[in-house]
Amino acid sequence: MIYADYNATAPLRPEARAAMIAALEVQANPSSVHGPGRAARKVVETARAQVGAAIGARAQDVVFTSGGTEANALALHGVVAQLERKCTLLVSAIEHEAVIKNAGYAGVGVETAYITADGKLDLDWLRDRMAKWDHDRDGLPLMAIMMANNETGVIQPVSEAAMIVREAGGLTHCDAVQGLGKIMVNVGLLGVDYLALSAHKAGGPQGCGALWVRSGAPLKPVLFGGGQERSLRSGTENLSGIAGFGAAAEASVRDMGKLQALAAARDAMEARLISEAGVTVFGAGVERLAQTSNFAIAGFRAETQVMAMDLGGVAVSSGSACSSGKVKRSLVLAAMGAEDALADSAIRVSFGWDTQPGDFDRVADVWLEAARRTVLKTN
Ligand code: PLP
């Protein structure tokens, strides 16, 4: 089976597995002051330093969470609480549901920030909106913009957006879940105030993530209890998960060049699918993650393609992988103005650290074979 669904979950990296197994031997609570407790603390702090280094941050500004969803939730609810709701959220139309839905439950006004047909945040719209911002009525602007889109791989103009929002006196949260290990994520260069990460997208374990918080940025906890993680996220730490996350973060940044080199094979696959079947590739004209391809041909439903490819030995997903299983139209492609018939037939191929050179070719072979049996036959 060729696994081409890394944007849903990347297979566990060997470095992460080894770190997790070692951490499982450390059977103590990191908050305990005795020797075993201190050994557990060391595991957590080593991983914190690794995750911090991977994003150009100080270790002490990294707060471990149960994953990307919780990191996004902590950022959005935490800042709204600290600002006593005197803010309005600006959420890009292509954010992951973990951002969109948490914004919706934050108890403040939410505005959708526009996206261009290429799938990028519309910076002209943002400049214009910030120029007209009414601080008395809307409070502080709080922008949520992702680093790279999980469906199309389109890389977002985060640093430009953060600067525009900062000049208007606002704050920016970046969901960098799909960025870590795929493109450089440097909190200083991005100029954001909060940044969410998830271990399992970078070859770490599922159920572990982190929120980076700029020193001094407003944030209240949303979980209360034992006061772990500088009281920003109470709850005994997921020791082995955190150890695996640290190792994966380090390895994924080390191997980033290899991942970026996948662009040539991805582009060759897309060129073949365009010439032999006339597919539409979403976000083809702008900077994308090198390992992601989202394409469609009207009339060949995504679920049918996913099943046909599964039978052909290739694992891919339709639309947003986090919601596959429940088939629903992609909001991302809709925001980009894709026709319904095309959006309904979009599939995502995403590769990563263990991808072999011929894998893209194999995906094209299997897809073309399925298409020739169905949609290309009838066209
Ligand atoms: N943000 C993005 C962009 C994602 O792709 C995902 C998962 O698909 C998440 C957040 C949620 O992360 P987690 O699965 O760790 O909760």
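Assorted remarks:
- Relative contact order, whole percent, for the chain stands at 23, derived from Cα pairs under 8 Å and 6 or more residues apart.
- Vicinal HN-Hα couplings computed from phi for segment 332-342 (Karplus, 6.51 cos²θ - 1.76 cosθ + 1.60; Hz; Gly/Pro x): 5, 5, 5, 5, 7, x, 5, 4, 4, 4, 7
- Percent breakdown of C-alpha pair distances by 10 Å bin, ordered from the shortest bin, for segment 222-277: 19, 22, 20, 18, 15, 6
- DSSP beta bridges fully contained in the chain are about 50 percent antiparallel.
- Amide H contacts under 5 Å for residue 146, placed H, 5+ residues apart: 175
- Acute angle (nearest 10 degrees) that the helix 302-311 long axis makes with the longest principal axis of the chain, alpha-carbon atoms: 80 degrees
- Using θ = phi - 60° and Karplus 6.51 cos²θ - 1.76 cosθ + 1.60, couplings along segment 284-300 (whole Hz; Gly, Pro as x): 4, x, 10, 5, 10, 4, 5, 9, 10, 9, 10, 9, 8, 9, 4, x, 10
- For residue 298, no residue 5 or more places off, or on another chain, has a built amide H under 5 Å of its own.
- Net charge dipole, the chain: roughly 720 debye, given to the nearest 20, about the Cα centre with Cβ charges of +1 for Lys and Arg and -1 for Asp and Glu.
- Exposure proxy ranking, count of Cβ atoms within 10 Å, fewest first, for 110, 51: 110, 51
- Arranged from fewest to most other beta-carbon atoms within 10 Å of their beta carbon, 350, 66, 318, 32 become 32, 66, 318, 350.
- Couplings for segment 184-193, taken from phi via the Karplus curve 6.51 cos²θ - 1.76 cosθ + 1.60 with θ = phi - 60°, read 5, 10, 10, 4, x, 5, 6, x, 8, 9 Hz in order; Gly and Pro are left as x.
- Antiparallel bridges, percent of DSSP beta bridges restricted to segment 1-155 (to nearest 5): 20 percent
- Between helix 263-277 and the chain: long-axis angle, C-alpha atoms, 0 to 90°, nearest 10: 30 degrees
- FRET efficiency, 1/(1 + (r/R0)^6) with R0 35 Å, evaluated for residue 82 and residue 29 via beta carbons: 0.75
- Acute angle (nearest 10 degrees) that the helix 158-167 long axis makes with the longest principal axis of the chain, alpha-carbon atoms: 50 degrees
- The P(r) of segment 47-109 has a tail past 13 Å containing 65 percent of all C-alpha pairs.
- Two-site label geometry, residue 275 and residue 304: point separation in nm, points 7 Å out along Cα→Cβ: 2.7 nm
- Distant-in-sequence amide H partners of residue 209 (H built 1.01 Å from N, under 5 Å): 65, 66, 67, 199
- Alpha-carbon radius of gyration plus Dmax, which is the widest Cα pair, for the chain in Å: 21.0, 71
- Listed from fewest to most Cβ neighbours within 10 Å, the set 96, 34, 77 follows the order 34, 77, 96.
- Helix-only [θ]222 nm of the chain, DSSP H runs n ≥ 4, -39500 (n - 2.57) each, per residue, nearest 500: -12000 deg cm²/dmol
- Ordered from longest to shortest, the equivalent ellipsoid semi-axes for segment 254-379 are 22, 17, 14 Å, each the square root of 5 times a Cα gyration tensor eigenvalue.
- Listed cross-link partners 328/377; 86/132; 120/182; 101/201; 120/220; 42/258 are compared with a 22 Å cut-off, the Cα-Cα value being larger for 328/377; 120/220; 42/258.
Every number here is computed from the coordinates shown, using simple stated rules; none is lab data. Since the model is a prediction, treat every value here as computed from it, not as a measurement. In this analysis, Cβ positions are derived from the backbone assuming ideal geometry, glycine residues included, and neighbour counts consider all displayed protein chains.
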